[in-house]
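Asker: One structure, as structure tokens, below. Some questions next.
The values are calculated or read from the model by the stated rules, or taken from the named source; none is laboratory data. A quick note: this is a predicted structure, and the numbers were derived from the prediction, not measured. Cβ sites come from the backbone with ideal geometry, for glycine too, and all protein chains shown count toward neighbours. In case anyone asks, the SASA skips ligands and DNA or RNA and just uses the protein heavy atoms, side chains included. Shrake-Rupley method; radii C 1.70, N 1.55, O 1.52, S 1.80 Å.
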Amino acid sequence: MLGGDLLKDDEIDLNFVDTFKMEAMTLLDTGVITYDPYLPIIPNKMPITNFYDPVFGVTDARIYSQFTYSSLIGPPDFKDAVLDSAMLYLAVDTIIVPYGLTTERSDLEVYRMTEPIKDLNTYRTGHYFFENSPSPLAQLNGTIINRIDRPRIVEGPDTVSYDPNIAFRLNNEFGNYILGLDSTNYLSDSIFRSKVLGFMFKQANQNALSYSFNISSDYSKLQIYYTKNDTKSVYGFPLRIGPRLPFWTHEYPLEIKQSIDSEEKGKQLIYLQSLAGLRAKVRFTNLNLPSNAIINKAELQVTEIILPQDVPSTYSPASQLALFKKDTSGEFILTADQGGLEDFSLIGGRPADKQVNGVMVHVYTLNISNHIQKIVSGKEKPEVYLAIVPDDITDIIPVNKNLSRVVLGGPNHPLYPMKLKISFTTF
């Protein structure tokens, strides 16, 4: 159907079309690179959660983090020292807003890793798991995570003001193990990390809250408080120096499991989720334009669908969507509409209130003009991949590392179908 009300109806000599047939399906988003020493890709801010969602099921997000001694102050001298306590601090991210109910209480645990992160390996989500000790080194039960207060901690003769953090008091067995390491274990980082393999952080209880933590903060560290020659001292092992990895798993309800890789299910609904969860493939099956068509504007429009079991006030929809294509090696890369820049505002993708069929809904509109022009000219496959936008456009990992999700209408949704709208001229 041709019509002047689809895009800007005051343009001259333009044709407007929105009747293109499309196919869409939900895909598992596994294989995202989370650690690559050669680029380098080393994640900084990561969530810890055991999150229940009435639509998307359960997301388990953990952190593996190794650490080493500080090269600035050299290795510690623990000979003849007596342990006072071993404290592990993990800084709370103060920038990224928590997802879900901030009043929820979390049971947080830290375990000792029994398998190392290999410095020279490249790691992808869904392809790694590290063994850990069966019992936790420490637990924080019923914790309400605080992003505002700055705790003050006495360290020897000084009182230090910390960034917001959670603090685990580790068992004395582990503290004495660190205290008992001899000087040969500090000859290099690799020797040290072969003896102390790091920590795994997790949430034991299920709730509706996801928080992000900042491993790269100076306040994320292991502190050994000890007494030597009647003098109390403290030595800090920073977490930010060692390699670290997120670990994300998702357990989906039956409806989503049946939708994965299904074009039939994708006709009605598609599901997007962060943390290497779900993205969608959209195929343009009859993108027939005149061979001399010059595209003025092409927009992909998708509408948020609120299912009966959803609670939007708690499980808020994604704040921005992104478009990707696949390169010849199968990696997801940016479309031509971003000009090689990881600035996703160039393609839009933020929800806007729009009245459709007499109902106010959220519609995501994404600029896909250059990519469609390349498809028409035969330079690209007639497809695109829809995902939740990375949470930090300056981040070198093109993936959203904090919880977010949305359900969208597919191409054949009876009320809010996905649409490709194109305005073009011919010469």
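Asker: Which number in (1) crowded, with 20+ Cβ neighbours inside 10 Å; (2) at pLDDT 90 or above; (3) closer than 28 Å to Ser188 by Cα marks the one condition that Leu83 misses?
Answerer: It fails just one condition, (1).
Asker: Related question: Of the residues that sit in the stretch 224-258 and are charged (D, E, K, R) and either touching a residue at least 24 places away in the same chain (Cβ under 8 Å) or more than 29 Å from Gln206 (Cα to Cα) (or both), which one is surrounded by the fewest Cβ atoms within 10 Å (Cβ to Cβ)?
Answerer: Asp230
Asker: OK, next. May I ask you to verify whether Leu39 is within 26 Å of Ile191 (Cα to Cα), free of Cβ contacts under 8 Å to residues at least 60 places away in the same chain and in a loop (DSSP other than H, G, I, E, B)?
Answerer: The answer is no for Leu39.
Asker: Right, next: Quick one: is Ala204 of a type in the set (A, V, I, L, M, F, W, C), open to solvent by less than 10 Å² (accessible area, probe 1.4 Å) and either under 21 Å from the mean Cα position of the chain (by Cα) or over 30 Å from Leu120 (Cβ atoms) (or both)?
Answerer: Considered against the rule, which asks whether it is of a type in the set (A, V, I, L, M, F, W, C), open to solvent by less than 10 Å² (accessible area, probe 1.4 Å) and either under 21 Å from the mean Cα position of the chain (by Cα) or over 30 Å from Leu120 (Cβ atoms) (or both), Ala204 comes out as no.
Asker: Moving on to the next point. What residue, of Val282, Val302, is under 19 Å from Thr30 (Cα atoms) and either in a strand (DSSP E or B) or not small (Gly, Ala, Ser) (or both)?
Answerer: Val282
Asker: Let me ask another. Of the residues Leu83, Leu120, which is more than 30 Å from Asn207 (Cα to Cα), assigned to a loop (DSSP other than H, G, I, E, B) and touching a Phe, Trp or Tyr at 6+ places or on another chain (Cβ under 9 Å)?
Answerer: Leu120
Asker: Name every residue in the stretch 49-80 that is of a type outside the set (A, V, I, L, M), open to solvent by 30 Å² or more (accessible area, probe 1.4 Å) and not in a loop (DSSP other than H, G, I, E, B), in order of residue number.
Answerer: Of everything in the stretch 49-80, those that are of a type outside the set (A, V, I, L, M), open to solvent by 30 Å² or more (accessible area, probe 1.4 Å) and not in a loop (DSSP other than H, G, I, E, B) turn out to be Tyr52, Arg62.
Asker: Return the only residue of Val389, Val359, Val376 being surrounded by fewer than 15 Cβ atoms within 10 Å (Cβ to Cβ) and modelled with pLDDT under 95.
Answerer: Val359
Asker: Please determine, by comparing only the residues of the stretch 320-341 that are out of contact with any strand residue (DSSP E or B) (no Cβ under 7 Å at 6 or more places or on another chain) and part of a loop (DSSP other than H, G, I, E, B), which one is most open to solvent (accessible area, probe 1.4 Å).
Answerer: Thr328
Asker: Is at least one residue of the stretch 20-27 assigned to a loop (DSSP other than H, G, I, E, B), of a type in the set (Phe, Trp, Tyr) and open to solvent by less than 30 Å² (accessible area, probe 1.4 Å)?
Answerer: The answer is yes; a qualifying residue exists.
Asker: Can you pull out every residue in the stretch 326-344 that is in contact (Cβ under 8 Å) with a residue 24 or more places away in the chain and over 19 Å from the mean Cα position of the chain (by Cα)?
Answerer: Across the stretch 326-344, the qualifying residues are Lys326, Thr335, Ala336, Asp337.
Asker: Taking the stated definitions as given, is Ser85 touching a helix residue (DSSP H, G or I) at 6+ places or on another chain (Cβ under 8 Å) and among the hydroxyl-bearing types (Ser, Thr, Tyr)?
Answerer: yes
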